[in-house]
Every structure is written in structure tokens, then in C-alpha cells.
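Engineer: Structure incoming, see below.
The values are calculated or read from the model by the stated rules, or taken from the named source; none is laboratory data. For clarity, every value in this text was computed on a predicted model and none was experimentally measured. Because the Cβ atoms are built from the backbone with ideal geometry, glycine has one as well, and the counts that use them run over all protein chains shown. Areas reflect the complete protein model, heavy atoms only, side chains present, ligands, DNA and RNA absent. Shrake-Rupley method; radii C 1.70, N 1.55, O 1.52, S 1.80 Å.
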Amino acid sequence: MPLKVVITGASSGIGEALAREYAKQGTILGLIARRAGALAQLKDTLPTTCHTYAADVRDAQAMQQAAGDFIKQQGCPDVVIANAGISGGTLTEHPQDLEAFQAILDTNFMGMVKTFQPFLDGMRGQRRGMLVGIASISGFRGLPGASAYSASKAAAISYLESLRVELHGSGVKVLTVCPGFIATPMTANNPYPMPFIISSEAAAKKIISAIALRRKFLVIPWQMAILGRILKILPLWLYDREFSKAPRKPRGL
Ligand code: NAP
């Protein structure tokens, strides 16, 4: 039986690379993103059975409909990857940024919850399956100028941990993925150096291998795993002194 995998944010970047890599293995795919055209173009190039859904992860009803259709056609998926996300600089003092705060939290955090929700009953019933959340090392500490993004990824990391423990012993596994810098449209215009940046193809291969190994937590690339550990234990005075000078993402989505 081929593997069945649902991926959100499949119309570009890491999500698209995951779809391409899984398709090479003959995986049956359910691909979700807002841009129907980009999904249709991708589907045409994939050598596998592929269902596409133009849906917004912020819309619980649309996500339930997409999940319902996939389950009806293919049965419960083996893996659901909540990858859809947006990024942009935000500063609390600007009232115009409130909308960006809302959009980033709604997409990166609540979008993940709305992605998993319709599949959980089925996975529990089968006593197997894997829920994969793409968080970020930006969730390890509050990054200046990226308050909404960091908060959304910290929320995702904590949420995924809660879910993993809630599902302990149920047969359903949870994998938290924290990428460092990956070359995608999201990072294409970052006006600062991006250490240890890797391609979306390399990232997809590492994520797929961690899924196959049933891992619980993955930081990519490995150099960022080391940096991330150091980042987490930096004392406040040192973190504040060094990161107050860090280059920032420009404001806006
Ligand atoms: P990307 O190329 O900009 O792709 C983002 C994807 O999310 C697109 O397919 C987009 O499709 C989809 N998306 C955005 N908002 C959506 C919504 N409301 N509903 C449904 N789909 C939505 O970015 P990426 O770098 O591949 O990012 C993928 C994930 O990795 C994100 O969660 C990001 O935060 C995370 N990440 C990336 C990096 C990095 O360095 N690139 C590092 C750490 C974490 P549509 O526009 O068609 O909806």
C-alpha cells in the first residue's frame, strides 16, 4: 500500500519540495494551499495520485471539507504535514502592524490546529499516523523585529509538545520540525546573511527521513541544531546585548 500524505502550504517552498520528494516514492498526496493555479501546475508535474485543495488554513470549515474529501477518496492519511506559514516584520508600536500580528498568529499557529483537527479522530481510531508541524528556530527565543513570527512559532512548538504528550500511547505520533534558514520565496528577500542556509530539496529529504524514523523533534540543518541549543541557554543579559544589534526583517507581510 502506498503511503498517503497531506501537506499544507504545498504551492511553494518547503511544502512543494516535500510534495515532489514524496511523489518520487509513489506516495498518494493531498496538497493544500490558497493558490489553486500553482497547485494545479504542480499536480501536472507529479508522477503520482494527487488531490489538490484550494483552501485557507485559517478557515476551519474549508479545512474540514478538504480533509473530508481526501478521507472519502483515499481513507485516513498516514502523515499530515502542517507546513503553511507566513512571515513578516512587526513592531508593536505601529497600529498598522496589528493586522500582520493577527494574520501571522492565525496562519502559523491556529492554521496548524485547524489542519490537524479533522484527521485526529480517524488516526486515533486506526491507532496510527503522524502529525508533523513545521515550526522554526525563530520560536526558540523572541527575535527583535519578528515578534509576531517568533511568537507564532513558539506557540507552535509548545502546542506540538502538548499534542505529542496527549497522544502518547495512542499510536499517533507527533514530529516538531524547526528549520533554520531554507532557500524559499519566504527568505528570498531577507536583507541579512543567513548562516547554514540549505535548499528546500535538502530540507524536504531530511524531514521525510525524520518522519520515516518516527522522530519527535528535528532541527535542520544540523549546524542550526547546535546554534539553537546555545541560543536557548544564553542568559538574558547576553541575549539582549547581542540580539538588540541583530538585523531585522522589514515590516509588513
Ligand atoms: P513559502 O515558500 O512562502 O511557502 C509558504 C506556503 O504556505 C505557500 O505554499 C503558501 O501558499 C502557503 N500558505 C500561506 N498562507 C496560507 C494560508 N492562509 N492557507 C493555506 N496556505 C497558506 O515559505 P516556506 O519557506 O516554504 O515556508 C514553509 C514553512 O516553513 C512555514 O511555516 C515557515 O514559517 C517555515 N519555515 C521556513 C523557514 C525558511 O527559512 N524558509 C525557516 C523556518 C521555518 P499560498 O500562498 O498558495 O496559500
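Engineer: To the nearest 10 Å², what's K43's accessible area with a 1.4 Å probe?
Structural biologist: 80
Engineer: Determine how large the accessible area of F109 is when every protein chain is in place; take a 1.4 Å probe and give Å² rounded to the nearest 10.
Structural biologist: Roll a 1.4 Å probe over it and F109 shows about 50 Å².
Engineer: A further question on this structure: Heavy-atom accessible area of H168 with all protein chains present, probe 1.4 Å, nearest 10 Å²?
Structural biologist: 150
Engineer: Further question: Could you provide, to the nearest whole Å², the per residue accessible area of the chain with probe 1.4 Å?
Structural biologist: On the way: 12130 Å² over 253 residues.
About 48 Å² of surface per residue is accessible.
Engineer: While we're looking at this one, here's another question. When the accessible area of the chain is computed with all protein chains present and a 1.4 Å probe, what percentage of it is carbon and sulfur?
Structural biologist: Working: 6830 of 12130 Å².
So the carbon and sulfur contribution to the accessible surface is 56 percent.
Engineer: Next up: Rank by packing, highest mean first: peptides 209-220, 187-198, with packing defined as the count of other Cβ atoms within 10 Å averaged across residues. Kindly include the intermediate steps, with their values, before the conclusion.
Structural biologist: Numbers: 209-220: 16.3, 187-198: 11.9.
Put in order of decreasing packing, that is 209-220, 187-198.
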